[in-house]
Each structure stands twice: as structure tokens, then as C-alpha cells.
Amino acid sequence: MDSLAMGHYFLPVLQDMVTSLPKVRCAVLCTPDGFNIASIGLDEKQVGKMAALSSSLMAVGASAIDGLPLGSTEGSGGLNVMTMEAGGVHVATVRIQRQQGADLVLMVAAASPLGVVLHVLQSTRARIAGM
Amino acid sequence: MNKLSVVLGHQVEQQVAFVGPFGVGKTTALRAISDVPVVNTDVDSAEAVGHLTLQPSGKTTTTVGLDYGEWRFPDGKVVALIGVPGQDRFDAMWDALLPRSSAIVLWIYGDRDPTRLECRKWLQALAQRKAVARLAVAVTRVPDGQEQQVLDSVRELVTRFHPLAPVLSADPREPADVLQAVTMALVTPYTALQA
Amino acid sequence: MAFKSLLGMNERRWEWREEPDAAALWVIDASCLEPAGLSQLLQEHKKQGAYQGVVLASHFPAQAVQGGWTFLKVPLQMDKVFGWIDHCFPDRPVPIGAWTAPEQPVRLKVWPNVSRYNGLLDGKSGAIELAAACGQMLAKPCSYPDLRLACPHALLALDALLADAQQQGILTMEPKIASRVSGQVRPNEAPKPTQPPSSGLGWGLVTRLLSKFT
């Protein structure tokens with residue numbers, strides 16, 4: 001499936017996520033090496049670099065987690081979710097391992113409380129993982 | 001919320017990567033050829049002091065994420081131009097970014113590293129990631145009058161990884177030089193060395 | 001600028017001086033002058049005997065031609081410049097550096113330092129054309145006319161690069177092949193670059209870049 005077809009395929013799930021998250025600013029679903037599949041809330045000029053940056057954030061974050069002196073059970077499985085905050089807007093990013101198909105990276109930014117953002121993000125991740 | 005725009009798929013059909021040691025000019029080279037302002041993740045760097053690479057603003061910086069620029073074409077297609085951080089501690093980025101690149105330009109200093117240790121390290125890292133076939137090596141700051149000698153020494157090393165030795169002297173501020181380095185990486189034939 | 005770059009390609013060692021009295025050869029860049037202005041300039045710089053010089057101009061008025069000056073038409077051609085230099089120093093046992101167009105197809109063994117010739121280019125597209133031409137020559141033998149057609153903005157640079165490559169021993173002359181197109185390619189039509197087997201995407205992007213920067 002090419003990126004456009006994948007974009008159509010996953011768009012409904014992304015739209016559901018954006019609908020259920022108050023004060024959402026944008027959402028990006030992209031490949032781990034930084035190519036956009038579907039985004040909401042960004043224009044074409046922004047999409048390329050946001051997809052690249054999202055994937056880079058996850059790559060660097062995963063390295064940071066791997067480098068931490070965590071115990072044998074703590075931190076197992078590597079980076080789960082990366083969060084950032086700026087002026088009350090929470091940005092959370094996850095890597096999604098799919099049962100059938102390549103991994104993806106999902107990022108969402110919203111001015112909702114962090115717990116709400118993470119809850120919606122994780123349930124969306126579970127849906128996409130099964131697709 | 002319903003007014004949020006939707007973008008599906010990507011118009012980025014290819015990606016060109018600039019790699020190389022700290023301060024060599026990767027960000028500068030991107031800026032010389034990008035159609036859009038280069039997204040830059042430089043931070044202040046304690047490391048820079050030893051390398052005397054003061055920026056015009058007086059700050060010393062290093063790239064810790066990636067630099068991102070683009071070429072845009074009339075049909076809407078986009079080529080991503082990325083600068084990859086040079087220090088070993090960022091090798092996770094290299095794994096993520098290099099395999100998908102259609103062309104890789106390795107920038108190295110011409111006025112230091114006489115034993116070419118740094119260049120060899122980079123070539124080995126690229127070879128491990130199967131990224132040597134579409135490579136060009138751009139040598140900056142070649143001292144006046146030493147072009148032949150410096151380039152020959154770099155060629156001798158590069159030939160061990162790429163028999164046709166795509167090497168050129170280049171100023172990362174000059175768009176013509178940067179474009180040539182990219183063109184070389186895109187079109188160089190390559191024959192794998194016999195094991 | 002182009003003249004200085006060509007001097008760099010010549011085997012002799014040169015020093016560029018700004019003071020006329022310190023120079024053995026003079027260069028007057030009259031490429032932006034009208035013929036009347038050129039005549040006046042030459043009157044002002046009239047020297048006989050000790051000095052030899054070259055005037056670079058687009059147009060030569062008949063009355064401007066005076067003893068002691070050689071006129072070279074802009075845009076410059078390497079063989080003309082080198083021919084003038086050899087004429088100025090007939091006793092020097094320096095081989096003539098002028099490039100003679102090869103009749104056989106040529107092939108490169110390794111990449112030359114292409115940026116060395118950027119002072120002779122016409123714009124960024126010239127830079128891309130020159131590198132692309134080298135890529136072709138590394139992949140297979142190329143005829144000189146085809147190379148020139150592929151480098152409309154890098155003709156001077158191409159000649160200089162080929163001359164150096166031959167001297168450095170990295171250029172080979174291949175047996176002549178029957179050319180399918182040498183009589184058929186129209187002057188304005190650049191041949192499509194041959195794509196090496198594993199680099200289709202690479203050549204495609206180069207073609208796009210040529211459109212973008214021309």
C-alpha cells in the first residue's frame with residue numbers, strides 16, 4: 001500500500017481520535033523514518049518537517065531510554081510514550097507495532113489535560129495496532 | 001475542530017542526507033540549496049570551543065536532532081534534505097535516517113585529520129548501513145596549493161570503500177559546489193568491492 | 001573571472017598583479033564596453049614594445065585593432081586563450097595545453113574533482129550538468145559531441161576537465177562505436193542521460209534538478 005492509500009485507510013481512526021479529544025491542535029501519523037501518512041491540523045508546508053521531526057524525536061527518545069540505568073523489569077520494552085508540554089499544550093508521541101505491517105509513529109498535540117491526551121492516544125494506538 | 005485541514009500521504013519522494021563530523025558545514029550546505037528555511041535543531045555546544053567554530057552570532061552550536069530542508073518541484077513533489085548529527089552518540093539517528101536516503105554526501109575537513117581517522121570512521125559507519133553505493137565525499141577547507149595532495153589522500157581512502165572514489169573539494173556556502181556533491185552521489189556508478 | 005580560471009588550467013605558473021607596470025602581460029576586460037569606449041580605452045593604454053596584452057570583448061570595431069594587442073571574443077574558448085599564451089612564450093618548452101576535441105568516445109576511470117572548474121560555469125545548472133556528464137563517462141564511453149550537448153552551460157568547464165583528466169591518466173579513449181544519433185540529434189536537444197542499472201531514481205532527480213535550476 002502506498003502512503004496515500006495508507007492515509008485513506010487510517011484517516012477514519014485519526015479523525016475519531018481528534019473528535020474525542022478536546023482542544024486538539026494537530027495529529028500526525030507517519031513512518032518511523034519520517035514520511036507522512038495522514039495528518040490533521042497541519043498544512044502541506046508543515047507536514048514534511050513535522051513528520052521528520054516526530055520520527056527523530058522517537059529515535060532519540062528510544063536511545064535515551066535504552067541508555068538509562070534502569071532495572072531488569074523497569075523500563076522493559078523500551079520507550080512507550082514521549083510527552084512534551086508548551087504553554088499548556090501537551091504533545092504526546094507513540095510508536096505503534098502493528099500485527100500486520102510496518103511500525104508507525106503517532107503524534108498528537110492538544111490543550112487538554114495530559115491524562116486525557118494519553119488515554120485517547122493509547123486507545124488509538126491499540127486500534128491502529130490491530131489494523 | 002472540523003475546520004482542521006487534512007493531508008494524506010506524502011509528497012516526499014526522495015531524501016538526500018548530509019553527514020559528517022561536528023562543525024564541518026552540513027547545516028550551511030543545506031541552507032545553500034534548500035527552497036524552504038532549514039529547520040534546525042542546533043543547541044549551544046560545549047564541544048565547539050575546542051574546534052574553534054564560532055558562528056557569526058558568537059554562539060557555538062551543534063545539531064542534536066536533525067536539520068530539515070526541502071526542494072519543491074512544480075508538480076508538488078518534494079525532496080527532503082536532511083542533516084544528520086555527526087557525533088557517535090547520535091548513531092541511533094543514522095540507523096533511522098540513512099537507509100532511506102537516495103543520496104548521501106559525507107562532508108569532511110580538508111585541513112585537519114591528516115591520518116584520515118575521522119573519514120575512515122564515517123566510511124565504515126556508512127558501509128555498515130549499506131549506504132556507500134550512493135555516496136559522495138565533499139572535502140571542505142582544503143588549504144591553498146594543497147588540493148592535489150589532500151584530495152589524493154582522501155581518494156586513496158575512499159577507494160577502499162567505493163572503487164570510483166566520488167570525491168570533490170567543496171565550499172558548503174557555495175550552491176554550485178553543494179549541488180555538484182549531491183549530483184555525484186545521485187549518479188555515481190558503483191561496483192561492490194570483491195570480498 | 002573566466003579568464004583567470006582558464007589561466008589556472010594552464011600548466012604555467014601565474015601571478016596576478018593589479019599594477020600594470022608589474023605585469024608582463026595585460027588583460028583588458030572590455031566585455032561590457034561599446035566599440036567607441038573600447039577605442040578610447042586602448043588609446044589610453046597604448047603601449048608598444050615591452051608589453052603584450054589581450055582584450056576580451058564581445059565586439060571588435062575595426063579602428064580599435066592596434067599593434068601589440070590580441071583580441072579574444074567573449075564568451076572565451078580555451079583553445080584560443082591557450083593559443084595566445086603559447087604565442088607569447090614561443091621559446092618555453094611547455095607542452096601546448098589546448099584541448100583537442102577527441103574523435104573517439106571517452107570514458108573516465110575515477111571521479112575528477114569537478115568543482116575545480118566551477119569558475120568556468122554558466123550558473124548552477126552548469127554545475128549539475130558537469131557532474132552528470134562525469135557520471136555518464138564513468139558508466140560508459142561517451143562521444144564528445146554528445147557530452148557537449150549535455151553540458152550547454154558548462155562547455156568551457158567540460159573541455160578543461162577533459163584536458164586535465166587526460167593529463168592525469170584517468171581518461172581513456174575507447175574504440176569508435178557506430179553512433180546512432182550523431183547525425184540526428186538536433187543542436188538544441190540534449191540527449192537523455194543513460195541510466196545506470198541501479199540508479200533510476202538518481203538520474204530522475206538529476207533531470208528534475210536541471211529543470212529547476214536552469
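The values are calculated or read from the model by the stated rules, or taken from the named source; none is laboratory data. None of the values given here were measured: they were computed from a predicted structure. Quick reminder, even Gly has a Cβ in these numbers, built from the backbone with ideal geometry, and neighbours come from all protein chains shown.
Listed values, structure above:
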{"quantity": "Test result for A:Ser56, in contact with an Asp or Glu (Cβ under 9 Å, 6 or more places away or on another chain) and in a helix (DSSP H, G or I)", "calculated": "no"}
{"quantity": "Scan of the range A:86-131 for residues that are under 14 Å from A:Leu29 (Cβ atoms) and assigned to a strand (DSSP E or B), ordered by number", "calculated": "A:Ala92, A:Thr93, A:Val94, A:Arg95, A:Ile96, A:Leu104, A:Val105, A:Leu106, A:Met107, A:Val108, A:Ala109"}
{"quantity": "Unique residue being more than 9 Å from every other protein chain (Cβ to nearest Cβ), of a type in the set (A, V, I, L, M) and either more than 12 Å from the chain's Cα centre (by Cα) or not in a strand (DSSP E or B) (or both) when the list is A:Leu29, A:Leu70", "calculated": "A:Leu70"}
{"quantity": "Single residue of the range C:88-126 satisfying the filter (at pLDDT below 85 and in contact with a strand residue (DSSP E or B) (Cβ under 7 Å, 6 or more places away or on another chain)) that is nearest to the other protein chains (Cβ to nearest Cβ)", "calculated": "C:Pro102"}
{"quantity": "Subset of the range B:127-176 [at the interface with another protein chain (Cβ under 8 Å from one of its Cβ atoms), modelled with pLDDT under 95 and under 13 Å from the mean Cα position of the chain (by Cα)]", "calculated": "B:Arg134"}
{"quantity": "Selected residue (only one of C:Ala131, C:Ala190 is modelled with pLDDT of 90 or more and not assigned by TED's automatic domain parsing to the domain that holds C:Gln77)", "calculated": "C:Ala131"}
{"quantity": "Number of positions in the range B:127-145 that are without any contact (Cβ under 8 Å) to a residue 12 or more places away in the chain and not in a helix (DSSP H, G or I)", "calculated": "2"}
{"quantity": "Residue check for B:Ala181: touching a residue at least 24 places away in the same chain (Cβ under 8 Å), in contact with a helix residue (DSSP H, G or I) (Cβ under 6 Å, 6 or more places away or on another chain) and either farther than 24 Å from C:Met137 by Cβ or at the interface with chain C (Cβ under 10 Å from one of its Cβ atoms) (or both)", "calculated": "no"}
{"quantity": "Failed item, numbered, when B:Thr115 is tested on (1) more than 13 Å from chain C (Cβ to nearest Cβ); (2) touching a strand residue (DSSP E or B) at 6+ places or on another chain (Cβ under 6 Å); (3) of a type in the set (Val, Ile, Thr)", "calculated": "(2)"}
{"quantity": "Subset of the range B:68-126 [in a helix (DSSP H, G or I), small (Gly, Ala, Ser) and modelled with pLDDT under 85]", "calculated": "B:Ala92, B:Ala96"}
{"quantity": "Unmet criterion (only one of (1) surrounded by 16 or more Cβ atoms within 10 Å (Cβ to Cβ); (2) under 18 Å from the mean Cα position of the chain (by Cα); (3) farther than 30 Å from C:Lys212 by Cα) for B:Leu179", "calculated": "(3)"}
{"quantity": "Residues of the range A:51-74 satisfying the condition of being more than 12 Å from A:Leu104 (Cβ to Cβ), surrounded by 22 or more Cβ atoms within 10 Å (Cβ to Cβ) and in contact (Cβ under 8 Å) with a residue 24 or more places away in the chain", "calculated": "A:Ala59"}
{"quantity": "Looking only at the range A:2-26, and only at residues there that are on the phi < 0 side of the Ramachandran plot and part of a loop (DSSP other than H, G, I, E, B), the one that is farthest from the other protein chains (Cβ to nearest Cβ)", "calculated": "A:Ser20"}
{"quantity": "Candidate set: the range A:32-48, residues that are surrounded by fewer than 22 Cβ atoms within 10 Å (Cβ to Cβ) and assigned to a helix (DSSP H, G or I); chosen: the one nearest to the other protein chains (Cβ to nearest Cβ)", "calculated": "A:Glu44"}
{"quantity": "Residues being among the acidic types (Asp, Glu) and farther than 15 Å from C:Asn113 by Cβ - total across the range B:114-160", "calculated": "1"}
